[in-house]
Amino acid sequence: MAENGNDNAVMSADAVAREAEALGAGVPREDVLKLAKGEPLLELQGLHAGYGKMEILHGLDLAVAKGQSLCLVGPNGAGKSTVLHSIFGFTQIFDGAVRMKGTDVTRMSPAQKLAKAGIAYILQDNSVFPNMSVEENLLMGGYLKPKSAEARAAAERIFEKYDRLANRRKDRAGVLSGGERRLLEISRALVMEPEVLLVDEPSIGLEPRYIDMVFEILADLQKSEGKTILMVEQNAKKGLSFADLGYVLVSGRVALAGEGDALLENPEVGRLFLGG
């Protein structure tokens, strides 16, 4: 079944993957760079990566410019989350490179990616510390800051930006609504003032009224603060509507890449991933 759970038929995941593979024969690196305006902030070059000895990504190229957003869609098992994991340092890299501002950061640890390369990873769900206060959760986001005062100053800037969190700063994170928890997860990643946000399934587990709120928060971070956002989203229609760029991943390769609006209008992408 297609990932957004709203498929118009009873296609199996294998059937979707087979048909998706026929969408395109791959995307040349020069086309990927062209979509990123030729000046990528973050770039994957011929990346082969996976877990243990199992290779999931097979020579994947990706490029996204400063202030752009990119959404990865595709069938289950295509390697979408593995792309985020590989960028942040959670996988085995067999070949290829991850570059940030032209610098090879492939072998950096996750802590180095956050503190030195300016890349933050926002987990799928339930990553808050429920027995800590909202304020304490935010301060945990600054654990790599050289001085605790810097983390506190960053947390205060976030409270100034988001009244919803400021009003709950002394409350335990475990009593927050689903939308407030997701806002806290995003805000905690902002304490280190990253340039790139890797966002894994921002809408998962949320009521519809909170999904729009989360995407509005991400849009504001992109437009007003120039954040670069690389996203995996189960609701492909929502993700592509939000993103400047979209990639369709199939079996660890990029089958199609284009502007988000163009992929939304592609009838085959619509049939396989958008419920019609």
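All of the numbers you see were taken from the coordinates with simple rules; none came from a lab. This one's a predicted model, so the numbers in the text were calculated from it and none came from an experiment. Glycine also receives a Cβ, built like all others from the backbone with ideal geometry; neighbour counts cover every protein chain displayed.
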Exercise. Out of (1) buried (at least 20 other Cβ atoms within 10 Å of the Cβ); (2) touching a residue at least 40 places away in the same chain (Cβ under 8 Å); (3) farther than 23 Å from Ile87 by Cβ, the odd one out for Pro202 is which?
Worked result: (3)
Problem set entry | Count of residues meeting criterion [in contact (Cβ under 8 Å) with a residue 40 or more places away in the chain, more than 14 Å from Leu139 (Cα to Cα) and buried (at least 18 other Cβ atoms within 10 Å of the Cβ)] in segment 163-181 | 2
For this session: Being crowded, with 21+ Cβ neighbours inside 10 Å and not in a strand (DSSP E or B) narrows it down to one of Ser86, Ser81, so name that one.
Result: Ser86
For this session: Take Val98 and decide whether it is touching a strand residue (DSSP E or B) at 6+ places or on another chain (Cβ under 9 Å), assigned to a helix (DSSP H, G or I) and either among the hydroxyl-bearing types (Ser, Thr, Tyr) or buried (at least 21 other Cβ atoms within 10 Å of the Cβ) (or both).
Result: no
For this session: With respect to Leu123, determine if the residue is under 19 Å from Met231 (Cα atoms), in contact (Cβ under 8 Å) with a residue 40 or more places away in the chain and surrounded by fewer than 19 Cβ atoms within 10 Å (Cβ to Cβ).
Result: yes
Exercise. When residues of segment 137-153 are filtered for being in contact (Cβ under 8 Å) with a residue 24 or more places away in the chain and either buried (at least 20 other Cβ atoms within 10 Å of the Cβ) or of a type in the set (Asp, Glu) (or both), how many remain?
Worked result: 5
Exercise. Counting only residues that are in a loop (DSSP other than H, G, I, E, B), touching a strand residue (DSSP E or B) at 6+ places or on another chain (Cβ under 6 Å) and buried (at least 24 other Cβ atoms within 10 Å of the Cβ), how many does segment 65-78 have?
Worked result: 2
